[in-house]
Amino acid sequence: MVLLGPPGAGKGTQAKRIVESRSLVHLSSGDLLRAERSAGTELGKKVASIMDSGQLVSDELVTEVVLGRIREEFERGESGLLLDGFPRTISQAKDLDEALAGLDEKVGKVISLKLADEIVVERLVGRRSCPKCGRVYHIQASAPKRKGVCDACDGELVHRSDDTEEVVRERLDVYVRQTQPLEEYYGQAGLLSEIDANMAIEQVSGEIEKDLDLAFDN
Ligand code: AP5
């Protein structure tokens, strides 16, 4: 399945819940690219300034990384993946369809999380995440017990370099121009459901689960 939605809509938050309830593997293109940056690879160096500016990394680079991982997961025997942040352009979606067809697989469901711009800004400017275990907090809505320290692993929490208000607004603009057209692409294929992401985390998960029941449990 594919999770679409503007930055801060809660894709990562929901993905962590869905992969547990459905035994899927979570593949986040943003996390894969950030891991390259942390490891100081050539690819990581190439994409750093693009990510910090809020623009999209080139289709060619990101597709190579993500499709490589998808192939590895299926070769390892995994039966289902949740893609978070990929595809993000029509070109990436077409490459994904082609690669999956080659593996005798296909996209089974696409959920688009909807959230107003002002709420996105509030969520991301207040987001803090743990680079060690990936847990995500919000300084007001879901603060850690000790300021700046992860409850789960004692890691030092970070504010992502692309979570400043200026860059978040740029990311929103990029989303509308380059990613939103995917709603039509997947809508025409009969795969899309839209969900209001401005509800409590558990309520959003409940709505997603209902759609997944309809798509996969018949
Ligand atoms: P990426 O890492 O994919 O970022 P994004 O799509 O902008 O999404 P975010 O991770 O910011 O938000 P999210 O929706 O996961 O929200 P979260 O759950 O954390 O991409 C980063 C960059 O990498 C891109 O800009 C681009 O440069 C590059 N890139 C990645 N993929 C690419 C691709 N395919 N092609 C080209 N370039 C690519 O939640 C946010 C906050 O809200 C948290 O604090 C959370 O606690 C809180 N929250 C969540 N849900 C709720 C709720 N229901 N109520 C209240 N608070 C909530």
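The values are calculated or read from the model by the stated rules, or taken from the named source; none is laboratory data. All values reported here derive from a predicted model rather than from experimental measurement. Neighbour counts are summed over all protein chains in view; Cβ atoms, including those assigned to glycine, are modelled from backbone coordinates with ideal geometry. To get the accessible areas, we keep the full protein, side chains included, count just its heavy atoms, and leave off ligands, DNA and RNA. Shrake-Rupley method; radii C 1.70, N 1.55, O 1.52, S 1.80 Å.
Kirkwood-based Rg over Rh for the range 65-154 (C-alpha set), two decimals? Reported Rg/Rh, Kirkwood definition of Rh: 1.09. Its DSSP H runs of at least 4 residues, each contributing -39,500 (n - 2.57), put the calculated 222 nm mean residue ellipticity of the chain at -15500 deg cm²/dmol, to the nearest 500. The residues packed around Ile111, meaning those with a beta-carbon under 13 Å from its beta-carbon, carry a net charge of -2 if Lys and Arg are +1 and Asp and Glu are -1. Couplings 3J(HN,Hα) of the range 133-149, computed from phi: 10, x, 5, 10, 10, 10, 4, 10, 6, 8, 6, x, 5, 10, 3, x, 10 Hz, in residue order, whole Hz [Karplus 6.51 cos²θ - 1.76 cosθ + 1.60, θ = phi - 60°; x for Gly and Pro]. Quote the relative contact order of the chain in percent (integer), defining contacts as alpha-carbon pairs under 8 Å separated by 6+ residues. RCO, the chain: 29 percent.
In terms of its alpha-carbon gyration tensor, the range 1-148 comes out prolate; a/c meets the 1.5 threshold, and the first ratio a/b outweighs b/c. Apolar share of the accessible surface for the chain: 48 percent from carbon plus sulfur atoms, 1.4 Å probe. Dipole magnitude for the chain: computed about the Cα centre from +1 point charges on Lys and Arg Cβ and -1 point charges on Asp and Glu Cβ, it is near 780 debye. Think of a 1.4 Å ball rolled over the protein heavy atoms: the chain then has 52 Å² of accessible area per residue.
Listed by chain and number, the lysines whose C-alpha is less than 22 Å from the C-alpha of Lys46, apart from same-chain residues fewer than 8 away, amount to an empty set.
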